[in-house]
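Asks: I'd like to ask you about the structure that follows.
Just so it is clear, none of the values below were taken in a lab; they were calculated from the coordinates. Please read these numbers as outputs of a predicted model, since none were measured by experiment. So basically every Cβ, Gly included, is an ideal-geometry build from the backbone, and we count neighbours across all protein chains shown.
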Amino acid sequence: MLNAQNTSGAAHQPAVADTFTALDQCHQQVLSTLQVLGDLIERLDRDGVDAESRRMAGEVVRFFNQSARQHHADEEKHVFPGLLTSGDALLVQHVQRLQQDHGWLEEDWLTLEPPLNAIAEGYSWYDLDMLRQALPVFAELYQDHIDLEESLIYPEAKARMQPRAHAGQGRERSVAKRSASAS
């Protein structure tokens, strides 16, 4: 999700701003998809499984199985490592909490996914009360998680990544100039 290509086709780290823009956009998709899940539960209560509830359930399942999981993997790979080695005990504690949240979110999702997948396939063996009880827990954990990332973790990570984003560029320009003048 966060890989980028330069003009020569060689893979490189995406620009810091692009990385965090993608992560922020995924947070917005999380919140939007949680709203779809809430709307789905209301629809199931009112209409049962119909074509629209099947579509909604499929959308929720696809998002959390694919985009949300990839988002967590991207954070674990690109955002958290530098913060965990920062030497700032409080920052490390917050990152470890976010890593733990990823585990809890996955566990919550593994509870929600089977009935939602069944709904997407047109089955009606879901437990509406379980979905009603599970959604607020899942949504609140995601909201708290996103709030901590956007208020503290992402700004800290951006600040620490920014100097690295330009490291070596002067050396590359110098080598390019020498190569051009030698020709």
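Asks: At residue 85 and residue 29, where each label point lies 7 Å from the Cα along Cα→Cβ, what is the point-to-point distance in nanometres?
Replies: 2.9
Asks: Within a Cβ distance under 14 Å of residue 87, other residues only, what is the Lys/Arg minus Asp/Glu net charge?
Replies: Details: positive: 160; negative: 88, 156.
Spelling it out: positives minus negatives among the neighbours equals -1.
Asks: Going highest first, how would you order 138-148, 103-113 by mean Cβ packing within 10 Å?
Replies: Numbers: 138-148: 16.1, 103-113: 14.4.
Result, highest mean Cβ count within 10 Å first: 138-148, 103-113.
Asks: Which three extents, in angstrom, do the Cα atoms of region 15-158 have along their principal axes, listed largest first?
Replies: Its Cα atoms span 53, 27, 19 Å along the three principal axes.
Asks: Then there's this: Please get the size of the charge dipole for region 15-158, origin at its Cα centre, with Cβ charges of +1 on Lys and Arg and -1 on Asp and Glu, quoted in debye to the nearest 20.
Replies: Details: 10 positive and 27 negative charges, 53 e Å.
For this selection, approximately 260 debye.
Asks: Here's a follow-up. By how many nm would the segment from residue 65 to residue 121 lengthen if fully extended, with 0.36 nm per residue of separation less the alpha-carbon distance? Can you show the working numbers first?
Replies: Details: separation 56, 0.36 × 56 = 20.16 nm, distance 1.56 nm.
Residue separation times 0.36 nm, minus the Cα-Cα distance, leaves 18.6 nm.
Asks: Within a Cβ distance under 14 Å of residue 74, other residues only, what is the Lys/Arg minus Asp/Glu net charge? Working shown, then result.
Replies: Values: positive: 69, 77; negative: 18, 24, 75, 76, 149.
Cβ neighbours under 14 Å give a net charge of -3.
Asks: Another question about this same structure. Tell me, what is the percent relative contact order of region 15-158, built from C-alpha pairs under 8 Å that lie six or more residues apart?
Replies: Details: 102 pairs, mean separation 49.8, N = 144.
Computed over region 15-158, the figure is 35 percent.
Asks: Excluding residue 148 itself, calculate the net charge of residues whose Cβ lies under 9 Å from the Cβ of residue 148, where each Lys or Arg counts +1 and each Asp or Glu counts -1. Mind dumping the intermediate values first?
Replies: Working: positive: 97; negative: 101, 144, 147, 149, 150.
Net of charged neighbours comes to -4.
Asks: Measuring from centroid to centroid over Cα atoms, what is the spacing of region 12-46 and region 138-157 in Å?
Replies: 13
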